[in-house]
Amino acid sequence: MSGRIDELLHEPLVVVNLGVKRFADNLEAQEVEVVQVDWVPPAGGDQEMMELLEQLL
Amino acid sequence: MSSGFVIRENQYYDSVFLMGVNKRLSQMQGVQQTAALMGSERNKQLLAQIGVRGAAIDAAQPNDLIVAAIADTSQTVDALLASLDQALQAIEKSTPASTLHTLEEGLAEKPHANLALISVPGEYATREAMKALESGLNVFLFSSNVPLEQELHLKRFAAERGLLVMGPDCGTSLIGGVGIGFANAVRRGTIGAIGPSGTGLQEFTCQVHHAGLGISHAIGAGSHDLSDEIGGLTTLAALDALEADPQTEVIALVAKPPGAATLRRLTARLRTCAKPVVGCFLGARLDSVKGKASITWARTIDEAALAAVRQSGAKGAPPSRSSPQTAFGVRRQEASPPTIQLTEQERALASQTRSMWAAEQRHLRGVFAGGTFVYQSQQILHEAGLVVHSNAPLDPRFRLDHPDRSQAHTIVDMGDDDYTLGKPHPMIDGATRRERILAESHDPSLAILLLDFILGYNASMDPVGELLDAIVEARQAATRRGGALTVVASICGTEGDPQDLNLQATMLREAGAIVFRSNALAALFCCELLKPV
C-alpha cells in the first residue's frame, strides 16, 4: 500500500477543511485536528483571470 | 406578487451558511420565496427560472452575494431585503469566520495535514483538489458537478502519487473511526467497506454496528467512480488499502451495479483479493454476478452487513435476536446466504394495519432523503411483484411523468437535483419533504407513507421533528376520510449519533408510525402490507 494512503488509515487524521464550516465543526467534535479555510473564489471568481494567474505563478 | 433583489459585491459565503440565511429570511410573513446565492452562472440561471432577472444579476460575479425575494407586496420585499444585514450578522455570530482563505494558508497552519476536505462549488473543485494532491494530501471531495474527464484526471494523478481521492460527490467516509461528511458514530472493528454512495455506506456501517461488530474503515469513492468512464479507480485503490490493512478482516462493497467494463475489471481484481469479500450491487440480478470470483453476494445492504459479520469470524460475538440491539431491525441467521425476514408479530401487525384502510386506500408513497434507499426500496418492492414509479427509477419504464406528481405506488427521491438546486438537501433540512408529505396527504388513494430518517454527523439535528406535524396531519386527513394512514419509517443511525436515536424513534412511534432500524425491513413490511389478500 502507498505510504500516503497507509498514513491516512493508520495515523491520526489532520484535516484542512476547505469550504463548508459545519464539516470542520463535526471533525472537531470528534477530536480531530482540523483547520478551517473560509474559501473564496480566486481572482473574483473569473475563470479566465484565474487561469492567467496560475500561468504567471 | 412582487419581487426584488440586492447584490453585495465581494461578500462570499459557503452554501450551508447561505442556507441558514435563506431559512431565516423565508420565515417572514407574506414571503413566497427567497434565494440567497453566490453569483455563479448556474445560480443566475436558477434565479431566472423563478422569474428574478436584471442587468445587475447578469453582471454579478461568483464572489458576489445575491439575495432575492418574491412576496405578496413590494413592502414585504423591501422589508425583507432591508433585514438582510441582520440575518447575515445573526448567522455570522454563530459561526465565527476563519482568517484563512486559501488551501496554501491552511497548509501553512497544518503542514502535517494528511487530508483535504473540499466542499467548494463544483467549478472550482478540481483546481483545489489538484493543488491538494500536488501537496501530497489525500482528498475527500464533497463537491458535485465536477465533469467526468476532470474526475478521471484527478484520480489518475492520485494513483500515480499513491494518494486517495474520495469523490467527487462523496458524502461519507469513516477513517479510523472518524466520520467524515455524513457519517454515523459507529463502533470500530474488523469490517472494511467501500462504496460510491454515502447513504449506502451509512446504512451498511450502522447495520454492522447494530449486529455488534464494528468498522475498520469505510471509504467513500464518489457517485461516479464505478462508471465505465472512471473505471472504479478509487474503489480499486481502496481495495488495495483495505487488503493491506491489518485491522480489516472482511471487505464489503456496497453500490449500484457498476458499468459492464468496470464490473469485469473489479471482479478480476476481487478474484485475487486475499481477504473475504462481500458484494452488494443494489438492483443487479444476482445471477448476473454470481459465480464471479469467490465473493459472497448480497441482495440488500442488511444482508451484506450480516454476511460481513459472519465472514469476519464474529469475534465480537453478535448479539442474539432477542437482545435490545436487535429488538427492531437486524436479524441474524445461520443459514447461508443470510437473509432478512419479517417476524410473525410484524406480519400480524401488517395484516391488522391494512384492515383499517378505506376501500379507496391502495397506494404506497415513499418520500425519501437517501438516494440509495430509493433504489433499494424499489428493488425489494419489485421483487415482490409491485410496480413502483419514481423520479429516480430502477426501471426507466417507471419514471414519473413529473417528479411532483405521484402515480400509483411512488417513491420520490427528494435529494434529487429536481429538489435540491439552490435548496438544502433533505438530509440537512426537511422542508421540501414536509411539503411533499402534505401534498400526498390530500390523495384519498394514499394508504402507506414510507419515510427514511438519516442521523449522524452533519445531518439535521432533528429530522423527525421537522416532519412530525406533516405526518400527524397526513394521518388525520386519512382518518377524516374514514380510513387510516399507515406510516412506515426507517432510521439510519446509532445510539452514539449527535441526534438522540431513541428519542427520534419514540417521536415517530408516538405519532403512530411503525419504525424499523433499516430501510430494507421497512420496505419488506410494505410488501407485506400490499400483498394480495
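Since every read-out is calculated from the coordinates, none of them should be taken as a lab result. What you see is a predicted model, and the numbers here were worked out from it, not measured in a lab. Using ideal geometry, Cβ is built from the backbone for each residue, glycine included, and neighbour counts are taken over all protein chains shown.
Each semi-axis of the equivalent ellipsoid for the stretch B:12-75 is √(5λ) with λ an eigenvalue of the Cα gyration tensor; in descending order they amount to 19, 15, 9 Å. Other protein chain C-beta atoms within 10 Å of residue C-beta, averaged over B:10-21: 3.
Relative contact order for chain B: 11 percent, from Cα pairs under 8 Å spaced at least 6 residues apart, divided by residue count.
Derived scalar couplings between HN and Hα for the stretch A:3-20 equal x, 6, 6, 4, 4, 4, 7, 10, 10, x, 5, 10, 10, 9, 9, 10, x, 3 Hz in order, rounded to whole Hz, by the Karplus curve 6.51 cos²θ - 1.76 cosθ + 1.60 (θ = phi - 60°), x for Gly and Pro. For the stretch B:399-495, how big is Rg over Rh, using alpha carbon atoms and the Kirkwood form of Rh? Radius of gyration over Kirkwood radius for the stretch B:399-495 works out to 0.96. Between B:S351 and B:L148, the contour length at 0.36 nm per residue exceeds the alpha carbon distance by 68.2 nm. The ellipsoid that matches the Cα gyration tensor of chain B has semi-axes, each √(5λ) in whole angstrom, of 36, 33, 20, with the longest given first. In sequence order, the stretch B:186-201 has phi-based couplings of 10, 4, 7, x, 10, 9, x, 9, 9, x, x, 9, x, 5, x, 5 Hz under the Karplus curve 6.51 cos²θ - 1.76 cosθ + 1.60, θ = phi - 60°, and Gly or Pro positions carry x. Across the stretch B:109-118, computed HN-Hα scalar couplings (Karplus, 6.51 cos²θ - 1.76 cosθ + 1.60, θ = phi - 60°) run 6, 10, x, 8, 4, 10, 8, 9, 9, 10 Hz from first to last residue, x flagging Gly and Pro.
Taken about its Cα centre, the protein assembly as shown carries a charge dipole of about 2280 debye when Lys and Arg each add +1 at the Cβ and Asp and Glu each add -1 at the Cβ. The Rg/Rh ratio for the stretch B:1-160 is 1.05, where Rg is the radius of gyration of the alpha carbons and Rh is the Kirkwood radius. Our helix-only sum for the protein assembly as shown, with -39,500 (n - 2.57) per DSSP H run of n ≥ 4 divided by its residues, gives a mean residue ellipticity at 222 nm of -12000 deg cm²/dmol. Across the stretch B:344-530, Cα-Cα pairs more than 28 Å apart make up 16 percent of the total. Beyond 23 Å in Cα-Cα separation lie the following of the pairs A:K21/B:K155; B:K110/B:K131; B:K44/B:K423: A:K21/B:K155. Relative to the Cα centre, the charge distribution of the stretch B:379-437, modelled as +1 at Lys and Arg Cβ and -1 at Asp and Glu Cβ, gives a dipole magnitude of about 140 debye. Using a simple spin-label model with pseudo-atoms 7 Å out from Cα toward Cβ, B:R405 and B:T343 lie 4.3 nm apart.
Going from the residue with the fewest nearby Cβ atoms within 10 Å to the one with the most, B:H389, B:H382, B:H209, B:H112 rank B:H112, B:H382, B:H389, B:H209. Modelled this way, with points 7 Å down the Cα-to-C-beta line, the labels at B:H442 and B:A261 are 4.9 nm from one another. Across peptide B:120-129, the average count of Cβ atoms from other chains found within 10 Å of a residue's Cβ is 4. Simple spin-label estimate for A:E33 and B:A82 gives 5.1 nm between the two label positions (7 Å along the Cα-to-Cβ direction from each Cα).
When each of the peptides B:501-512, B:33-44 is scored by the mean number of other C-beta atoms lying within 10 Å of its residues, the order from highest to lowest reads B:33-44, B:501-512.
Summary of the geometry: the stretch B:11-56 and the stretch B:471-533, compared by the centres of their Cα atoms, lie 34 Å apart. Dipole check for chain B: with +1 at the C-beta of Lys and Arg, -1 at the C-beta of Asp and Glu, and the Cα centre as origin, the magnitude is about 1620 Debye. Which residues does a label at B:T99 reach in the stretch A:10-40, if reach means a backbone N under 15 Å from a point 7 Å past the Cα toward the Cβ? Under cut-off, by backbone N: A:36-38. Over every Cα atom in the stretch B:159-267, the radius of gyration and the widest Cα-Cα span, Dmax, amount to 12.9, 38 Å.
Computed from the alpha carbon atoms alone, the convex hull of the stretch B:114-175 holds 67 Å³ per residue. Just to be sure I understand the curve: with the Debye formula and one point per C-alpha of the protein assembly as shown, what is log10 I(q)/I(0) at q = 0.06, 0.09 Å⁻¹? One equal scatterer on each Cα of the protein assembly as shown leads to -0.31, -0.70.
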